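What follows is one structure encoded as structure tokens, with my remarks underneath.
The values are calculated or read from the model by the stated rules, or taken from the named source; none is laboratory data. All of these numbers come straight from a predicted model, not from anything done at the bench. Cβ placement follows ideal geometry from the backbone for every residue including glycine, while neighbour counts extend to all protein chains displayed. The area values use the complete protein model at the heavy-atom level, side chains included, leaving out ligands, DNA and RNA. Shrake-Rupley method; radii C 1.70, N 1.55, O 1.52, S 1.80 Å.
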Amino acid sequence: QVQLVESGGGTVQVGDSLRLSCTSSSVTFGSYTMAWFRQTPGREREFVAAISWRDSSTNYGSFAKGRFTISRDNDKNTVYLQMNNLEPEDTAGYYCAAEYWGRIPSQKWTYWGLGTQVTVSS
């Protein structure tokens with residue numbers, strides 16, 4: 001279901017940073033595990049990061065470890081993805097997902113956004 005809204009994407013240069021945001025007017029994130037995925041045309045969707053609803057514990061895809069950080073601010077009903085030292089390979093559409101009482105790792109994501117494009121130019 002498309003009930004999440006991502007923002008913060010854009011075109012940056014190699015080595016730059018971006019912070020993506022995800023929010024919703026209909027889904028209250030406090031009881032949802034949240035995640036970020038990314039996808040480019042012709043490629044399999046990749047898991048980027050997830051953060052637990054319960055204790056804010058996190059998991060990361062292998063490529064994201066050490067460069068990307070997922071965080072949440074339940075008071076703002078917002079989840080963030082801080083991306084540092086961006087590389088051309090990070091170019092993708094980035095999508096937010098949510099699962100009520102979701103476990104990490106989760107195998108189900110009920111709510112999605114339409115994505116925000118990140119383009120890293122060399």
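So here's what we get for this one:
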{"quantity": "Residues of segment 63-120 that turn out to be assigned to a strand (DSSP E or B) and either touching a Pro at 6+ places or on another chain (Cβ under 7 Å) or without any contact (Cβ under 8 Å) to a residue 40 or more places away in the chain (or both), as a count", "calculated": "6"}
{"quantity": "When residues of segment 69-109 are limited to those that are among the β-branched types (Val, Ile, Thr) and in contact with a helix residue (DSSP H, G or I) (Cβ under 8 Å, 6 or more places away or on another chain), the one surrounded by the most Cβ atoms within 10 Å (Cβ to Cβ)", "calculated": "Val79"}
{"quantity": "Residue that is farthest from Glu99 (Cα to Cα), among those in segment 21-53 that are polar (S, T, N, Q) and outside any strand (DSSP E or B)", "calculated": "Thr40"}
{"quantity": "Matching residues, segment 78-103, being over 24 Å from Val14 (Cα atoms) and over 14 Å from the mean Cα position of the chain (by Cα)", "calculated": "Tyr100, Trp101, Gly102, Arg103"}
{"quantity": "Leading residue by the ranking (farthest from Thr116 (Cα to Cα)) among those in segment 1-20 that are part of a strand (DSSP E or B) and open to solvent by 40 Å² or more (accessible area, probe 1.4 Å)", "calculated": "Gln13"}
{"quantity": "Test set (1) farther than 20 Å from Lys108 by Cα; (2) touching a residue at least 40 places away in the same chain (Cβ under 8 Å) - Ser57 fails condition number", "calculated": "(1)"}
{"quantity": "Residues being touching a strand residue (DSSP E or B) at 6+ places or on another chain (Cβ under 6 Å) and open to solvent by 80 Å² or more (accessible area, probe 1.4 Å) - total across segment 40-68", "calculated": "1"}
